[in-house]
Structure formats: structure tokens, C-alpha cells
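Student: One structure coming up, written as C-alpha cells, with questions to follow.
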Ligand SMILES: N[C@@H](CCC(=O)N[C@@H](CS)C(=O)NCC(=O)O)C(=O)O
């Protein structure tokens, strides 16, 4: 068994964030697909990490939770030499952590609320909560679009942990709230993210699963598996 195992689900945005980082770092690892709907699997997972959230990295039996911590841990202990997602320079590193937080808190969170709402029976849906989540996404799109003016990646340097967070957050967010046409910087950034080899590879792995994603009606056809979509 490989020393490093990622407990994951192929449709999970936060798992994609870490899978992108693993690919950038050039790290070999095993994947353990979790079915948290199964009571025994859920109990075993909760014993490892009581929040029950995925992904969870397990390194020689030691659970490492929380995506941003996982990525920092991987860079510290397992990345191929010279491969970095958090720059060594402290102020630059703070900026990466800031934009990682922005995507987790202001894009992932409302996106997850909208996906969760779709999983409820029609008569239990939260129309007010969904409107608020859509408004939050639109507000985030507007300020991220302004921030991206003149930038290739979201922090000032190379592709970073913040872009690992941005790619799956935006991938699923746009299925609920498309990028408004005036946000040209954000639309171009989205395409740059999708063309990044590590992002494209993670999207490719998940392709056969997108037909099960609750927000699939809003997902661009190019992301579906051409066979069996
Ligand atoms: N702050 C956590 C968030 C992880 C998270 O929300 N994961 C979702 C999947 S994308 C999850 O575990 N959902 C199952 C649940 O909430 O029970 C992180 O960065 O690792």
C-alpha cells in the first residue's frame, strides 16, 4: 500500500482542489473512493476526522484534514523538488493564503449551498437561501473580476494554491450562476484554469461522474464524457 492515500469522492470540489495540487507537486498517491452514504464507511471516516469532511489525506496512518493544510503539508513533505504552490517569500505566501480563503469562503460556500439545495426534494427547497447564495456568487464574481485585471493567476506570481481552490469552486459555481458577460477578466481566467494541465487532468478523471452531479443541467457539454453522457 502506498504511504499516501487520499480519501475522496470524484465529484467533490474540495477533493479536486487537492488532486490538482498533488498533480502539480508530482506526487504518487492512492485514491480511496468514499461513500459517505454508507453508515459503516461514514463511521470509519468520522473516527479518522470527526467533521466528516472530505478530502482527507492519510500519510502512513496519520490523518491530515482541511484542504489548505493538506496542500501546505504536501509541499513541506512530499512535493518534487522545485514544485511549489505556496511561495517561499512570506508576504507572497500570505497573498496566496488570502485568495485561497476568498475562493473557499466566498465562492465554494455559496456554490455548495446551491448544490445542497438541488439535492433536497422540491418541496423542501430553500428559495430565499438560494437567492442569497446566488447574490453572494455574483458579488464575489464582481470583485474577483476587478482583482484579476492585468493578472494571469489570482495571486501575483505563478499558479498557486489559490488557483487550486479557484478552479473547482468556479467550475461548479458557474453551473448555478454563469459569469455575467461584462466580467471579461473572470471569464478569461476561467478558461486559463480549465486549460491548466493539472486542472484538465482532474476534470478528465471526474468526467464519467458528471452525469450524476445534481447541477448537471448547467454544466457545459464539453465537460461531459463523450461516451455515455
Ligand atoms: N473546509 C473543508 C471543506 C471540505 C468540504 O466541505 N468537503 C465537502 C465535499 S466538497 C464534504 O465533505 N461534504 C460532505 C459533508 O459535508 O458531509 C476543507 O477545506 O477541507
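FYI, it's all coordinate maths here, none of it is from the lab. Remember, it's a predicted structure, so these values are computed and weren't measured experimentally. Note that we place each Cβ from the backbone using ideal geometry, even for glycine, and neighbour counts take in every protein chain shown.
Student: Which percent of Cα pairs goes in each bin when the distances of region 50-164 are cut into 5 angstrom slices starting at zero?
Tutor: In whole percents, the pair-distance histogram is 2, 10, 16, 18, 16, 15, 12, 7, 4, 1, 0.
Student: Sticking with this one: Can you list the residues of region 120-154 with backbone N under 17 Å from a point 7 Å past the Cα of residue 109, pointing along Cα to Cβ?
Tutor: 129-144
Student: Once fully extended, how much extra length lies between residue 194 and residue 220, figured as 0.36 nm per residue of separation less the alpha-carbon to alpha-carbon distance?
Tutor: Length gained, residue 194 through residue 220: 8.2 nm.
Student: Counting pairs of Cα atoms in region 151-229, how many percent are more than 18 Å apart?
Tutor: Roughly 42 percent, rounded to a whole number.
Student: What does the convex hull of the alpha-carbon atoms of region 74-229 project to on average, in nm²?
Tutor: Working: hull surface 42.2 nm².
Answer in nm², one decimal: 10.6.
Student: Can you tell me the order of 190-198, 127-135, 173-181 when each peptide is scored by its average per-residue count of other Cβ atoms within 10 angstrom, highest first?
Tutor: 173-181, 190-198, 127-135
Student: Can you work out D for region 42-113 in µm² s⁻¹ from Stokes-Einstein, where Rh is the Kirkwood radius over C-alpha pairs, the temperature is 25 °C and the viscosity is 0.890 mPa s? Numbers along the way, then the final one.
Tutor: Numbers: Rh = 13.9 Å.
Diffusion coefficient, whole number: 176 µm²/s.
Student: If I model a spin label at residue 11 and residue 28 as a point 7 Å from the Cα along the Cα→Cβ vector, what separation in nanometres do I get?
Tutor: Distance between label points: 3.2 nm.
Student: Could you work out the relative contact order of region 73-219? I mean the mean sequence separation of Cα pairs under 8 Å and 6+ apart, divided by the number of residues, in percent.
Tutor: Value for region 73-219: 28 percent.
Student: How large is the convex hull of the Cα atoms of region 4-77 per residue, expressed in Å³ as a whole number?
Tutor: Numbers: hull volume 6.1 nm³, N = 74.
Convex hull volume per residue, Cα atoms: 82 Å³.
Student: Quick check: convex hull over the Cα atoms of region 132-182, volume per residue in Å³, rounded to an integer?
Tutor: Convex hull volume per residue, Cα atoms: 79 Å³.
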